[in-house]
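Below you'll find the structure, written out as structure tokens, and then a few comments.
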């Protein structure tokens with residue numbers, strides 16, 4: 001008996017995205033490799049040179065609030081990433097808007113670490129007031145995620 005249909009569906013969606021990431025990464029490597037090989041060949045009088053080093057595998061990060069939806073996504077990423085040449089990590093953002101938010105962020109980090117995601121990080125942000133509290137929190141979160149990526 002396989003996983004629950006909802007679990008299977010999210011795993012399939014994540015698998016498809018990861019395949020796209022791997023395909024794009026391989027295409028980038030091939031394009032960069034051809035350019036480097038051409039330069040190495042020209043620089044060595046056409047005799048060829050050392051092959052370029054293979055870049056690290058791509059890193060896919062999941063932004064995780066600790067809620068059911070983002071934990072399900074993180075779990076699916078952890079499960080599917082083990083089958084492909086990708087690294088998978090997680091980030092949670094501590095908005096510092098409620099007492100104990102740092103503890104909650106630490107709990108999310110612990111759960112992501114238990115899933116064997118690596119790297120895992122909690123990022124604390126300062127939420128401004130522009131546009132109201134939800135918009136300000138969203139802006140701070142997006143800025144933190146951009147910086148972490």
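Averaged over residues, the count of other Cβ atoms within 10 Å places the peptides 103-114, 81-92 in the sequence 81-92, 103-114, highest first. Rounded to the nearest whole angstrom, the semi-axes of the ellipsoid equivalent to the chain, taken from the Cα gyration tensor as √(5λ), stand at 37, 22, 13, largest first.
For residue 134 and residue 8, compute 0.36 nm times the residue count separating them, minus their Cα-Cα distance, and round to one decimal in nm.
Working: separation 126, 0.36 × 126 = 45.36 nm, distance 3.23 nm.
Full extension from residue 134 to residue 8 adds 42.1 nm.
Computed on the chain, with alpha-carbon pairs under 8 angstrom and 6+ residues apart, the relative contact order is 20 percent. The angle separating the long axis of helix 101-114 from the principal Cα axis of greatest extent in the chain is about 50 degrees.
Coordinate-derived values only; no laboratory data. This is a predicted model, so every value here is computed, not measured. Please note: Cβ atoms are built from the backbone with ideal geometry, for glycine as well, and neighbour counts cover all protein chains shown.
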